[in-house]
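Following: one structure in structure tokens, then a few remarks.
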Amino acid sequence: MNPLLSQLKPYPFARLREAMQGLEAPKGVPAVPLHIGEPKHATPKVITDALTASLSELEKYPLTAGLPELHRACADWLARRYDGLQVDPDTEILPVLGSREALFSFIQTVLNPTAGTKPVVISPNPFYQIYEGGTILGGGEIYFANCLAPSFNPDWSSVSDDIWQRAKMVLVCSPNNPSGSVLQLADWQKLFVLQDKYGFVIASDECYSEIYFGGNKPVGGLQAAAQLGRGFDKLVMFTSLSKRSNVPGLRSGFVAGDAALLKEFLLYRTYHGSAMSIPVQRASIAAWNDEAHVIDNRRLYQEKFDKVIPILREVFDVDFPDASFYVWLKVPAGDDLSFAKRLWTKAAIQVLPGRFLARDTGQGNPAEGYVRIALVADVETCVKAAKTIVALYR
């Protein structure tokens, strides 16, 4: 077996299951799963209609590069969403099977562990565990930049010059999972200055970009580069329909940016066997071309936050995230695991302890003392859960 597999750590949800062994929820009380970020809103009809209308095309082998029409739909969406951003649909866009598998494989495409020095990937902490797995199996070393209050953005100043010298990639997650923080243009500019000095690739995970509040659209990595007069050299962004369009089971997204990197990534994917089926591509085209369902989706999340945050504020120091559908809740006495256990045993409410989303560093575990609450259930369920949590800690 590949010896690197032994370095992979259990996923956060596996760690949660282990921590909860032997603990029972109150009898007769249904579980309220607010620990997993799985969208629960209905899949839009415009997508299901396009999918079912093209099922006859299952008889065809799809090309890994994807349909030209899908490339064009993605490029058109980028232009609409990011204030006229111009991306070449033929060379600067590549359809992928959701951002998760693309991030995992892209890291391994870029790293070169045979070059002598073990390559470093710098990641936010807390982080999406795919970043770590892709780095380890790519023969690299992951280094964590802690995300601390009040901004919850990575502290790049904590990274030593030695690490920057070895860095081959910096992973960005904006909007951030779990805090919902967003990099502003000035933040991007600081990162680009570091990139110009050290020459690393930036991989920007933007799968939560369409769940924002008050019309405050998160700035994307490519958008920031364009606004600062830069090209897309060594810069790629990853996005997905899972959260934007409530289709996590469709497994559809795209990568955009540096044409040279995407050319090599396409070569990798051709061997990897990751072509998107044509019906899924047709459904994806319909999704990227329609914004009405996204606006309605955002409205539903806005309603939940508008009702839940004031309830939680009766007891907790908590605010709206900049974006995403997570509440990053600071818990009493700083014990996130005990907090999660109490919610489960007293009220059958499931939340994710922050410590499971981060790694210990020399500065400690930046996610200890927080829990992630995913407001993915219906409004009534989220409101009831918030009231129950407050009642337990009033």
> What nm distance separates the two modelled labels at ALA79 and ASP317, each placed 7 Å from Cα along Cα→Cβ?
Replying inline: 4.8 nm
>> Distance between the C-alpha centers of the stretch 103-133 and the stretch 365-394? Whole Å please.
In response: 32 Å
>> What's the magnitude of the charge dipole for the stretch 45-290 around its Cα centre, counting Lys and Arg as +1 and Asp and Glu as -1 at the beta-carbon? Answer in Debye, nearest 20.
In response: 180 debye
> How much net charge surrounds PRO26 when only other residues with a Cβ under 15 Å from its Cβ are counted (Lys, Arg +1; Asp, Glu -1)?
Replying inline: +4
> Counting only pairs 8 or more places apart or on different chains, how many lysine pairs in the stretch 45-290 have C-alpha atoms closer than 16 Å?
Replying inline: 8
> With the other protein chains left in place, how much accessible area per residue, in square angstrom, belongs to the chain at a 1.4 angstrom probe?
Replying inline: 43 Å²
> Among the lysines, which have Cα under 16 Å from the Cα of LYS341 when same-chain residues fewer than 8 positions away are ignored?
Replying inline: LYS27, LYS330
>> To make sure I understand the rule: partners must be aspartates and glutamates, Cα under 12 Å from the Cα of LYS346, and not fewer than 8 residues away in the same chain. Which ones qualify?
In response: GLU24
>> Which aspartates and glutamates, if any, have their Cα less than 19 Å from the Cα of LYS387, not counting same-chain residues under 8 positions apart?
In response: GLU303, ASP306, GLU314, ASP317, ASP319, ASP336, ASP378
> Taking the mean number of other Cβ atoms within 10 Å as a proxy for protection, how do you rank 83-96, 167-180, 343-356, 373-386 from highest to lowest?
Replying inline: 167-180, 343-356, 373-386, 83-96
>> Taking the Cα centroid of the stretch 224-278 and of the stretch 58-87, what is the distance between the two, rounded to the nearest whole Å?
In response: 10 Å
> Relative contact order, percent, of the chain when contacts are C-alpha pairs under 8 Å separated by at least 6 residues?
Replying inline: 26 percent
> By average Cβ neighbour count within 10 Å, what is the ranking of 52-60, 291-299, 142-150 from highest down?
Replying inline: 142-150, 291-299, 52-60
> Can you pull the percent of the stretch 45-290's accessible area that's carbon plus sulfur, 1.4 Å probe, other chains left in place?
Replying inline: 54 percent
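The values are calculated or read from the model by the stated rules, or taken from the named source; none is laboratory data. Computed from a predicted structure; not experimentally measured. Neighbour counts are summed over all protein chains in view; Cβ atoms, including those assigned to glycine, are modelled from backbone coordinates with ideal geometry. Ligands, DNA and RNA are excluded from the accessible area calculation, which covers all protein heavy atoms including side chains. Shrake-Rupley method; radii C 1.70, N 1.55, O 1.52, S 1.80 Å.
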